[in-house]
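> Take this structure, written in structure tokens, and hold onto it; I'll ask about it next.
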């Protein structure tokens, strides 16, 4: 055990050397970029870190929080993120792990999202739904950590500025770069911030071509994403290169809107209508995707490869019974027509979806595919949709482009055009579009739905 003099000596050294604190007190092993962030947090008032996936950015944010709290008497650490799920289950989960595995007992009272040393000496996690909660915290030494900062609204930053008035105040913004506006984006163009960039190619595993740190991104993962997304994809820029995506004006759904919809998924409430969207595979590497919609919440509940028409029909029928969907909207173009016919024959509530038909508003849209996808875009823009954290779905949605024809009508890039750009068919994105599409079809009466549910499942 250390005596009081030894403890004071350790704290004095750790206060000016956070890497020493992490390695000698917490038992951590920061790699080069994590050490750079720790040093920046010591020497700079404002630090902004844009990073790819899988490089330990949440772990280093937790290290900074614990270092600042225990090495600055009567300090306060406030953390936040775009959603409460991220506050509680990402950064604060890391803080719990660090606190429990420290080489020396750190002390303090550790709750789910609070670590209290004294009444005026604590760390606290806050959600972003009430900006006023960021007001009223004052201390000579105060640190604000914003995790996944690209997704935090500007009004939170405006409210939090009051925390940064003292001479010992510090701000750490860290996250995956997705949004081409806001405080996080502007930080990398501001002289006020010390800036750190981490791409996948900085990872020791990628540099060495082998796994030397198992918890970091690997060369194999990078190559998988190169094949899956392509080097022009917004996800490649953001999640592999750690760069803000170069999205043109012709991008249908920006990556920032997609990630905001993913963030809503864990906290949104299910509702009505309950409907299924089905995009039926045509050939080759295409897959049949089934998406469930429950109010604003979407979920990919099935993805089938190499299945014939009857097998797909059986899977759709099972989905109807399992989800109690009131209608299933199926792509009728190509072999999807066989699925539609078989469902009709058995009396199931199927709505054929022909994306090539004339749009309801044919003065504005080239066809129904354009009309349906534009309506989906508007949902993302308005925050009226919640989707799962599915990277394949996000990649497909963020890669779709639109243009205008000679009459000024909106036209959505087709599957064949996407293949020419080296992209896979957007099967999940199409199924999502069908699930939320307005068709004008009447919802079937409840008594008829009960009859459908009682029907024998095919296959």
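The values are calculated or read from the model by the stated rules, or taken from the named source; none is laboratory data. Here the structure is a predicted model, which means the values were calculated and not measured. Ideal geometry is used to build each Cβ from the backbone, glycine not excepted, and the neighbour counts take in all protein chains shown.
> Exactly one condition in (1) outside any helix (DSSP H, G or I); (2) free of Cβ contacts under 8 Å to residues at least 24 places away in the same chain is not met by residue 186; state its number.
Condition (1) is where residue 186 drops out.
> Here's something else I'd like to know. Would the stretch 284-291 turn up any residue that is in the same structural domain as residue 418 (by TED's automatic domain parsing), at pLDDT 90 or above, farther than 30 Å from residue 232 by Cβ and in contact with a helix residue (DSSP H, G or I) (Cβ under 6 Å, 6 or more places away or on another chain)?
Checked against the condition, which is being in the same structural domain as residue 418 (by TED's automatic domain parsing), at pLDDT 90 or above, farther than 30 Å from residue 232 by Cβ and in contact with a helix residue (DSSP H, G or I) (Cβ under 6 Å, 6 or more places away or on another chain), the stretch 284-291 yields no hits at all.
> Could you list all residues from the stretch 290-336 that are in a strand (DSSP E or B), under 24 Å from residue 267 (Cα atoms) and in contact (Cβ under 8 Å) with a residue 60 or more places away in the chain? Steps first, answer last, please.
In the first step, residues of the stretch 290-336 are kept if they are in a strand (DSSP E or B); the result is 290-294, 297-304, 327-331.
Now drop any that are not under 24 Å from residue 267 (Cα atoms), which leaves 290-294, 297-302.
Once the filter is applied, which keeps residues that are in a strand (DSSP E or B), under 24 Å from residue 267 (Cα atoms) and in contact (Cβ under 8 Å) with a residue 60 or more places away in the chain, the stretch 290-336 yields 290, 291, 292, 293, 297, 298, 299, 300.
> Assess whether residue 258 counts as being touching a helix residue (DSSP H, G or I) at 6+ places or on another chain (Cβ under 6 Å), on the phi < 0 side of the Ramachandran plot and either in contact (Cβ under 8 Å) with a residue 24 or more places away in the chain or surrounded by fewer than 19 Cβ atoms within 10 Å (Cβ to Cβ) (or both).
yes
> Continuing with the same structure: Would you mind stating whether residue 115 is modelled with pLDDT of 95 or more and not in a helix (DSSP H, G or I)? Break it down into steps so the answer makes sense when it comes.
On the way: modelled with pLDDT of 95 or more: yes; not in a helix (DSSP H, G or I): yes.
Yes, satisfied.
> Something else now. Given the condition more than 18 Å from residue 273 (Cα to Cα), at pLDDT 90 or above and touching a strand residue (DSSP E or B) at 6+ places or on another chain (Cβ under 7 Å), answer yes or no: does some residue in the stretch 435-452 qualify? Reasoning before the result, please.
So the first thing to find is which residues in the stretch 435-452 are more than 18 Å from residue 273 (Cα to Cα), and the list is 451.
Keeping just the survivors that are at pLDDT 90 or above gives none.
For the stretch 435-452, residues more than 18 Å from residue 273 (Cα to Cα), at pLDDT 90 or above and touching a strand residue (DSSP E or B) at 6+ places or on another chain (Cβ under 7 Å): absent.
> Continuing with this model, one more query. Could you look through the stretch 220-237, keep only residues that are surrounded by 20 or more Cβ atoms within 10 Å (Cβ to Cβ) and out of contact with any strand residue (DSSP E or B) (no Cβ under 8 Å at 6 or more places or on another chain), and pick out the one that is modelled with the highest pLDDT?
Here is the first cut: in the stretch 220-237, the residues surrounded by 20 or more Cβ atoms within 10 Å (Cβ to Cβ) are 222, 225, 229, 233-237.
If we keep only those that are out of contact with any strand residue (DSSP E or B) (no Cβ under 8 Å at 6 or more places or on another chain) too, we end up with 222, 225, 229, 233, 235-237.
Working: 222: 96, 225: 91, 229: 84, 233: 83, 235: 87, 236: 91, 237: 91.
Ranking the candidates gives 222 first.
> Next question. Residue check, residue 373 against (1) in contact with a helix residue (DSSP H, G or I) (Cβ under 8 Å, 6 or more places away or on another chain); (2) closer than 16 Å to residue 430 by Cβ; (3) surrounded by fewer than 18 Cβ atoms within 10 Å (Cβ to Cβ), all met but one. Which one?
Unmet for residue 373, out of (1) in contact with a helix residue (DSSP H, G or I) (Cβ under 8 Å, 6 or more places away or on another chain); (2) closer than 16 Å to residue 430 by Cβ; (3) surrounded by fewer than 18 Cβ atoms within 10 Å (Cβ to Cβ): (3).
Conditions (1) touching a helix residue (DSSP H, G or I) at 6+ places or on another chain (Cβ under 6 Å); (2) in a helix (DSSP H, G or I); (3) modelled with pLDDT of 95 or more; (4) surrounded by 20 or more Cβ atoms within 10 Å (Cβ to Cβ), marked per residue:
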| residue | (1), (2), (3), (4) |
| --- | --- |
| 9 | no, yes, no, no |
| 15 | yes, yes, no, no |
| 21 | yes, yes, yes, yes |
| 40 | no, yes, yes, yes |
| 47 | yes, no, yes, yes |
| 55 | no, no, yes, yes |
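Matching residues to (1) buried (at least 20 other Cβ atoms within 10 Å of the Cβ); (2) over 21 Å from residue 256 (Cβ atoms):
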{"site": "68", "(1), (2)": "yes, yes"}
{"site": "71", "(1), (2)": "yes, yes"}
{"site": "86", "(1), (2)": "yes, no"}
{"site": "116", "(1), (2)": "no, yes"}
{"site": "121", "(1), (2)": "no, yes"}
{"site": "129", "(1), (2)": "no, no"}
{"site": "134", "(1), (2)": "yes, yes"}
{"site": "154", "(1), (2)": "no, no"}
